[in-house]
1. Looking only at strands (runs of 3 or more DSSP E) that lie completely in segment 76-169, which have at least 1 residues being in contact with a helix residue (DSSP H, G or I) (Cβ under 9 Å, 6 or more places away or on another chain)?
2. What's the total number of residues in segment 92-123 that are surrounded by 21 or more Cβ atoms within 10 Å (Cβ to Cβ) and either over 22 Å from Arg24 (Cβ atoms) or hydrophobic (A, V, I, L, M, F, W, C) (or both)?
3. Residues being more than 21 Å from Lys48 (Cα to Cα) and in contact with a Leu (Cβ under 9 Å, 6 or more places away or on another chain): count how many of those fall in segment 128-148.
4. Name every residue in segment 46-75 that is in a loop (DSSP other than H, G, I, E, B), modelled with pLDDT under 90, under 26 Å from Arg24 (Cα atoms) and not aromatic (Phe, Trp, Tyr), in order of residue number.
5. Would you mention how many residues in segment 160-180 are closer than 23 Å to Tyr20 by Cα and crowded, with 16+ Cβ neighbours inside 10 Å?
6. Given the condition of a type in the set (Lys, Arg), modelled with pLDDT of 80 or more, in contact with a Lys or Arg (Cβ under 9 Å, 6 or more places away or on another chain) and assigned to a loop (DSSP other than H, G, I, E, B), answer yes or no: does some residue in segment 14-28 qualify?
7. Report whether or not Leu43 is more than 21 Å from Thr206 (Cα to Cα) and at pLDDT below 90.
8. Taking Gln110 and the conditions (1) closer than 17 Å to Leu50 by Cα; (2) at pLDDT 85 or above, which numbered condition does it fall short on, given that it satisfies the others?
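The values are calculated or read from the model by the stated rules, or taken from the named source; none is laboratory data. Being a predicted model, the structure only gives us computed values, none of them experimental. Neighbour counts are summed over all protein chains in view; Cβ atoms, including those assigned to glycine, are modelled from backbone coordinates with ideal geometry.
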Amino acid sequence: MIELHPMDIDRSSVFTRERYMALRGAKETYAQVEGTAAFKELLEEFGKLLNTAVGAEDLGVFLLHRHYAFGPGSIPLERRIPWGESGEYALVTRATSDHLHEKVAPSRWQYTPQSRLFEALEYSTDPLAVDRWASLSSRREVPAAAARILEDSGLWPFLGLTIASRSSLPKRTGEIYLETSDSKAMASVVRVQTRGNSMGKGQIPTVWVPITSCWCEDGMKCDAACIEEGSELGCSVIEHCEVPSGEHHVVPCV
């Protein structure tokens with residue numbers, strides 16, 4: 001068996017415009033994974049990874065898709081800035097070549113079996129994303145496991161790896177991140193929305209985050225992966241193990 005390379009910082013942090021522009025649109029890509037058994041199995045396996053691997057915190061699976069063209073020398077960079085008439089803060093991704101004075105880290109990657117590397121597609125200035133990137137790039141077992149899951153599913157042309165959480169725009173229980181495109185500003189805009197009220201006509205999920213939770217009964221502990229799909233939340237039990245009497249507790253899916 002060929003050993004997977006780690007997510008090498010020198011190669012995976014380099015943005016390639018041609019690679020980004022070769023991506024499909026979100027609607028076209030989602031049609032390739034929606035409702036498939038391989039997609040369900042991939043999410044379950046990814047949930048197991050997050051539930052067992054140190055350093056996999058805040059990771060998610062995202063739909064490989066592009067928004068707008070990026071000129072030579074620029075990268076798609078996410079910043080937290082006031083946006084729209086309300087002036088509320090949002091995470092806004094636009095093409096920029098002026099980022100050398102900021103702490104920037106790759107936050108979304110595409111994996112290909114040919115290169116056996118995760119190659120950067122988008123970047124962020126969010127402190128949590130920068131911190132998680134530093135941790136992730138030093139733990140080769142986590143990206144190696146994620147690579148195997150993507151490759152085994154056969155869905156690697158449509159799905160990639162992302163750092164899903166943000167400290168600069170946190171969401172609370174009952175909320176999700178909603179990503180929209182602003183064609184006039186040529187930007188991708190992520191806002192926090194209430195779960196159940198955010199998914200409208202024409203909107204599709206682009207990020208799935210398995211969230212680990214526990215349900216404990218007398219003498220039994222159940223580890224579950226909760227898969228966040230837009231406004232829907234489904235839970236599947238992935239492992240059972242006995243725990244000493246009196247040490248059970250309940251933590252609900254959030």
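1. On the way: elements: 89-96, 105-112, 117-124, 159-163.
Fully inside segment 76-169 and qualifying: 105-112, 117-124, 159-163.
2. Going through segment 92-123 one residue at a time, the tally reaches 6.
3. First, the residues of segment 128-148 that are more than 21 Å from Lys48 (Cα to Cα): 128-131, 134.
So of that shortlist, the ones also in contact with a Leu (Cβ under 9 Å, 6 or more places away or on another chain) come out as none.
Summing the residues that are more than 21 Å from Lys48 (Cα to Cα) and in contact with a Leu (Cβ under 9 Å, 6 or more places away or on another chain) in segment 128-148 gives 0.
4. Step one: of segment 46-75, the residues in a loop (DSSP other than H, G, I, E, B) are 53-58, 64-74.
Now restrict to residues that are modelled with pLDDT under 90: 53-58, 66-74.
In the following step, the residues that additionally are under 26 Å from Arg24 (Cα atoms) were identified as 58, 66-74.
Across segment 46-75, the qualifying residues are Asp58, Arg66, His67, Ala69, Gly71, Pro72, Gly73, Ser74.
5. Initially, segment 160-180 is screened for residues closer than 23 Å to Tyr20 by Cα, giving 160-166, 177-180.
Those still in the list that are crowded, with 16+ Cβ neighbours inside 10 Å too: 160-166, 177-179.
So the count comes out to 10.
6. To start, the set of residues in segment 14-28 that are of a type in the set (Lys, Arg) comprises 17, 19, 24, 27.
Adding the requirement that they be modelled with pLDDT of 80 or more leaves 17, 19, 24, 27.
Imposing the further condition that a residue be in contact with a Lys or Arg (Cβ under 9 Å, 6 or more places away or on another chain) reduces the set to 24.
From the residues that got through so far, the ones that are assigned to a loop (DSSP other than H, G, I, E, B) too are 24.
Yes, segment 14-28 contains a residue that is of a type in the set (Lys, Arg), modelled with pLDDT of 80 or more, in contact with a Lys or Arg (Cβ under 9 Å, 6 or more places away or on another chain) and assigned to a loop (DSSP other than H, G, I, E, B).
7. Numbers: more than 21 Å from Thr206 (Cα to Cα): no; at pLDDT below 90: yes.
Judged against the criteria, Leu43 is not a match.
8. (1)
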